[in-house]
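All remarks here apply to the structure that follows.
The values are calculated or read from the model by the stated rules, or taken from the named source; none is laboratory data. These numbers were taken from a predicted model, which means no experiment stands behind them. Reconstructed Cβ throughout: ideal geometry from the backbone, glycine too, with neighbour counts over all protein chains shown. Note: accessible area is taken over every heavy atom of the protein model, side chains too, but ligands, DNA and RNA are not part of it. Shrake-Rupley method; radii C 1.70, N 1.55, O 1.52, S 1.80 Å.
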Amino acid sequence: MTLKEDIYDVIVIGAGSVGTPLAWQLSEAGLKVLVLDPNASVGQGSNKAAIGGIRATHSDPAKIRISLKSIEIFSTWLDRFGDDIGWIQGGYSFVAYDPKEERTFKDLLVLQKQFRLNIQWFDGDDLLRIIPALNPSGLIGGTFAPEDGSASPMLSVLAFERQAKRYGAIFKYHEGVIGILRDNGRVKGVTTQKATYQAAVIVNAAGAWARQVAGMAGVDVPVTPDSHEGGITEPVAMFLKPMVVDIRPIEPSPEMPGSANYYFYQHHTGQIIFCITPNPSIWGTDCRETSVFLPQVTRRMLEIMPRLSNIKVRRTWRGLYPMTPDGAPVVGEVDGLAGFFNAVGMCGQGFMLGPGLAYYLRQLITGENRVEAQDILAPLSLYRNFGKKEALK
Ligand SMILES: Cc1cc2nc3c(=O)[nH]c(=O)nc-3n(C[C@H](O)[C@H](O)[C@H](O)COP(=O)(O)OP(=O)(O)OC[C@H]3O[C@@H](n4cnc5c(N)ncnc54)[C@H](O)[C@@H]3O)c2cc1C
């Protein structure tokens, strides 16, 4: 027998970068929300591995629009709710030391401006005024989007959880979903090792584990876990405002595996925090740090910012990107299974996309402004062609 208190309007599977702000949005809209997660507390999946970058500088219109909403939420959080989430509006700069990247960034400006992103191209000398520590040798220039920024993923997810609970959302930890109940083309609820819960709407926000969860409902989502490492230095006096991104690929050599883009910025605590994209990707859920990452990423960082040569690295870690074949999320209701929504496949951007996505999913689920949400989220459909590749992953 199901008890009355085990009947909810919405069940969110996963208390991570996406599920937690979604629980806040849905409970604020007056819905009775349950969030389930096998971990001991909020944000213990990929969320805590993120380095905290938040940008609307994307090459994909849906991501630009969602991230602009996220930036509105992150940047006003302290004033609206009183929690310091470490928000710094330092901007993002994609730097070009090669004419190929210069062309890519300049071409993208047209689309980015069309979606009202505040971004400009700066030639080398002008960019050095914004980022004086950049190596001037060979620097062609770069884009700078001053409204992008950063925040602490853990402080943010805790703040989202606090607001969700304030509006009545229930979070149950040590309780992963092991089954999804269906009846006549509709979802009915979920089972865990401890109980059965009913709801007419279920949102799969299980990150790198999304494929397993969707599989419980007989649905396949193309999300694959992909290992990425991050690192953090000792704190130093503030000298670097924006996140610096270098997208030049490096081919593998006998000494070092290949890599794609890497990015770093100065955290609100003064520490430099950094990350690199291995090439080829390292598929799987292995989260043990490697001895490859640090020499690989620091060599590249020192090349474009020699001033970092004496800073000490404090810690490295490894986490998971929930990757999709085209680098864009999969969001929306599943055809033929009413009430089952995916909010998955966030790749390397789930922290920055989370709050904006939660805002538009709220519109879609409650029907408050379904037309706007459908317009923004349609390109992220599970039924799209996954063949195209994104320029700024
Ligand atoms: C090194 C590194 C640096 C990164 N830097 C950035 C960055 O600067 N900016 C950015 O935006 N992103 C960044 N990311 C990516 C970001 O961390 C992810 O995209 C994001 O956390 C994914 O959010 P999510 O909510 O989909 O998944 P998660 O945050 O992992 O949440 C999913 C949750 O689902 C839970 N779950 C799993 N199975 C079940 C089940 N059966 N039942 C219930 N719950 C379940 C998990 O326990 C987890 O808590 C980085 C990632 C890494 C690894």
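Numbers for the structure displayed
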read-out: Test result for Arg318, more than 25 Å from Ala15 (Cβ to Cβ) and of a type outside the set (Val, Ile, Thr); value: no
read-out: Residue list for segment 124-177, restricted to those being away from the ligand (no atom under 16 Å from the Cβ), open to solvent by 60 Å² or more (accessible area, probe 1.4 Å) and touching a helix residue (DSSP H, G or I) at 6+ places or on another chain (Cβ under 7 Å); value: Pro136, Tyr167
read-out: Some residue of segment 298-313 being within 13 Å of the ligand (Cβ to nearest atom), part of a strand (DSSP E or B) and in contact with a helix residue (DSSP H, G or I) (Cβ under 8 Å, 6 or more places away or on another chain); value: no
read-out: Residue tally, condition more than 8 Å from the ligand (Cβ to nearest atom) and open to solvent by 10 Å² or more (accessible area, probe 1.4 Å), over segment 1-24; value: 9
read-out: Residue match in segment 212-221 (condition: assigned to a helix (DSSP H, G or I), more than 10 Å from the ligand (Cβ to nearest atom) and open to solvent by less than 10 Å² (accessible area, probe 1.4 Å)); value: yes
read-out: Positions within segment 36-54 being near the ligand (Cβ under 6 Å from one of its atoms) and within 19 Å of Asn204 (Cα to Cα), in sequence order; value: Leu36, Asp37, Pro38, Asn39, Gln44, Gly45, Ser46, Asn47
read-out: Verdict on Ser137 being closer than 15 Å to Gly91 by Cβ and modelled with pLDDT of 95 or more; value: no
read-out: Of all residues in segment 84-105 being open to solvent by 10 Å² or more (accessible area, probe 1.4 Å) and touching a Leu at 6+ places or on another chain (Cβ under 7 Å), the one that is nearest to Arg162 (Cα to Cα); value: Asp84
read-out: Residue under evaluation Trp121, criteria (1) free of Cβ contacts under 8 Å to residues at least 24 places away in the same chain; (2) of a type outside the set (Gly, Ala, Ser); (3) open to solvent by 50 Å² or more (accessible area, probe 1.4 Å), criterion not met; value: (3)
